[in-house]
Amino acid sequence: MLTLVLATVICVLAVAPAILVGSFVVGSVISLARTGIAWGQTWASILLLVLYLAGFLTCIAMHRSLNVRRTWITAGLAITLVGLASLPVVWVIYHGVTVEWCESQPGGRGASPITSMDDIPAVCR
């Protein structure tokens, strides 16, 4: 059961953002070739993709390491690289969900009026 939970957490926090970043990179490169969008957007997404690839290669190195100490060091490095690459995507998704949810809370657009500051959830302030 614990392995299933760990695999699900890794999939949600690492694999799903990697797929989103990969599709964004492909879309950026295609747009760059067709319309000439800004290089800054493309370089940022390519950097995230490189971080994912570095994390993947570090994971392969972890499996091939000869002693336990190197295995732990490469595992920590792989987790750090994939975590850093996933952070922007997870943050954007969190921010989007929070903004949409806060619009229906007191003080948001189209919601009930504010009677006190305690009515407004902490993330919406």
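Within region 67-120, how many residues turn out to be of a type outside the set (A, V, I, L, M, F, W, C), in a helix (DSSP H, G or I) and surrounded by fewer than 12 Cβ atoms within 10 Å (Cβ to Cβ)?
Taking region 67-120 and keeping what is of a type outside the set (A, V, I, L, M, F, W, C), we get 67, 69-71, 74, 76, 80, 83, 86, 88, 94-96, 98, 100, 103-110, 112-113, 115-116, 118-119.
The next check asks that each one be in a helix (DSSP H, G or I); those that pass are 69-71, 74, 76, 80, 83, 86, 88, 94-96, 98, 100, 103, 118-119.
Okay, now just the ones that are also surrounded by fewer than 12 Cβ atoms within 10 Å (Cβ to Cβ), so 69, 94-96, 100, 118.
Here the count works out to 6.
Going by what's in this entry, would Ala61 be described as of a type in the set (Gly, Ala, Ser), surrounded by 13 or more Cβ atoms within 10 Å (Cβ to Cβ) and over 23 Å from Val25 (Cβ atoms)? Please lay out each step first, then the result.
Values: of a type in the set (Gly, Ala, Ser): yes; surrounded by 13 or more Cβ atoms within 10 Å (Cβ to Cβ): yes; over 23 Å from Val25 (Cβ atoms): yes.
When the stated conditions are applied, Ala61 passes them.
Any read-out appearing in this document is the output of simple, stated calculations on the displayed coordinates, not a laboratory observation. These numbers were taken from a predicted model, which means no experiment stands behind them. All Cβ positions, glycine included, derive from the backbone under ideal geometry; neighbour counts span all protein chains shown.
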